[in-house]
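Note sheet for the following structure.
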Amino acid sequence: MGRKQVWDQGEVLASAMRLFRRRGYLGASLRDLEEATGMHPGSLYRAFRSKEGLFSAALDDYNERVVEGRVHAHLRDAQDPVAGIRSFFTSAFDTGVGPEPDPGCLLTNTAVESFSVPHVAPGVRRGLETIESGFADALTRARTQRLLPEELDVEESAAQLLALYQGLLVLVRSGTDAAKLHTITDGALALICARKATAKQANEEEQR
């Protein structure tokens, strides 16, 4: 009879995720992981086979619980999709003031260092595709509700929003003031709404 597992996988992945968010994949040592998770080296190896295996599992868990959860809450389920897009941005940096700098988004932090840890690339791509798909869904619904112009290129706009979002999260990690982040977000959304105004003006001129 095998030994009974006495650790909770969800808690272990959450602890590892918090450490990886603070220090990154390369900055987190095996000893750090042992202390963060409370697991001995042998137990970590049996459960995840390697540091790479533990990181991949933590990133998958982050994508499933955090990324997909935020996408559904702000982008897919919001009654006002434009307001949902804005709250998706602002909720990422309205984290309050704490004793330590905001560790940022695990997905974004990992994307920045993924050139040196190629095994994490699939998990990064999955997370980014989830966010981009959420933006596309919100933009499509906004267009259907006539909150945005019918001719809006949803695919192009979703890619632009993803790029802006990832850039803002890098600024979050660097300690940029939240007020500045709000200003950048408001400016980007104003540009999208300006397309609506431009389209409306063009239609009015055609009807004259």
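Some points to look at:
- Selection status of residue 46, free of Cβ contacts under 8 Å to residues at least 12 places away in the same chain, open to solvent by 40 Å² or more (accessible area, probe 1.4 Å) and either of a type in the set (S, T, N, Q) or part of a helix (DSSP H, G or I) (or both): yes
- On the stretch given as the stretch 149-186, residues that are basic (Lys, Arg) and over 24 Å from residue 130 (Cβ atoms) total 1.
- Criterion (within 30 Å of residue 189 (Cβ to Cβ) and open to solvent by 20 Å² or more (accessible area, probe 1.4 Å)) met by exactly one of 91, 29: 91
- Residue pairs meeting the criteria (Cβ under 9 Å; at least 6 apart or on separate chains; first acidic (Asp, Glu) and assigned to a loop (DSSP other than H, G, I, E, B), in the stretch 86-113; second modelled with pLDDT under 90 and open to solvent by less than 30 Å² (accessible area, probe 1.4 Å)): 102/93; 102/172
- Residue within the stretch 24-36 that is at pLDDT below 95 and touching a His at 6+ places or on another chain (Cβ under 8 Å) present: yes
- Pairs where the first residue, in the stretch 160-175, is over 11 Å from residue 112 (Cβ atoms) and the second is open to solvent by less than 30 Å² (accessible area, probe 1.4 Å), C-beta under 6 Å, 6+ apart: 161/135; 162/131; 164/188; 168/181; 172/93; 172/104
- Listed conditions (1) of a type in the set (Val, Ile, Thr); (2) modelled with pLDDT under 90; (3) in contact with a Lys or Arg (Cβ under 9 Å, 6 or more places away or on another chain) are all met by residue 154, apart from (2).
Conditions (1) over 27 Å from residue 26 (Cβ atoms); (2) at pLDDT 90 or above; (3) among the basic types (Lys, Arg); (4) out of contact with any Gly (no Cβ under 7 Å at 6 or more places or on another chain), marked per residue:
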position	(1), (2), (3), (4)
128	no, yes, no, yes
139	yes, yes, no, yes
149	yes, no, no, yes
158	yes, yes, no, yes
161	yes, yes, no, yes
175	no, no, no, yes
178	yes, no, no, yes
188	yes, no, no, yes
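- Of the candidates 36, 14, 73, the single residue that is part of a helix (DSSP H, G or I), of a type in the set (A, V, I, L, M) and without any contact (Cβ under 8 Å) to a residue 12 or more places away in the chain is 73.
- Of all residues in the stretch 129-175, those that are closer than 13 Å to residue 109 by Cα and either surrounded by fewer than 19 Cβ atoms within 10 Å (Cβ to Cβ) or polar (S, T, N, Q) (or both) total 6.
- Residue match in the stretch 144-156 (condition: assigned to a helix (DSSP H, G or I) and either among the basic types (Lys, Arg) or touching a residue at least 24 places away in the same chain (Cβ under 8 Å) (or both)): no
- If you go through the stretch 157-185 and keep only what is part of a helix (DSSP H, G or I) and among the hydroxyl-bearing types (Ser, Thr, Tyr), you end up with 157, 165, 183, 185.
- Candidates in the stretch 102-121 are the residues that are hydroxyl-bearing (Ser, Thr, Tyr) and more than 19 Å from residue 65 (Cα to Cα); of these, the one that is least open to solvent (accessible area, probe 1.4 Å) is 114.
The values are calculated or read from the model by the stated rules, or taken from the named source; none is laboratory data. This one's a predicted model, so the numbers in the text were calculated from it and none came from an experiment. In this analysis, Cβ positions are derived from the backbone assuming ideal geometry, glycine residues included, and neighbour counts consider all displayed protein chains. SASA here: full protein model, heavy atoms, side chains in, ligands and nucleic acids out. Shrake-Rupley method; radii C 1.70, N 1.55, O 1.52, S 1.80 Å.
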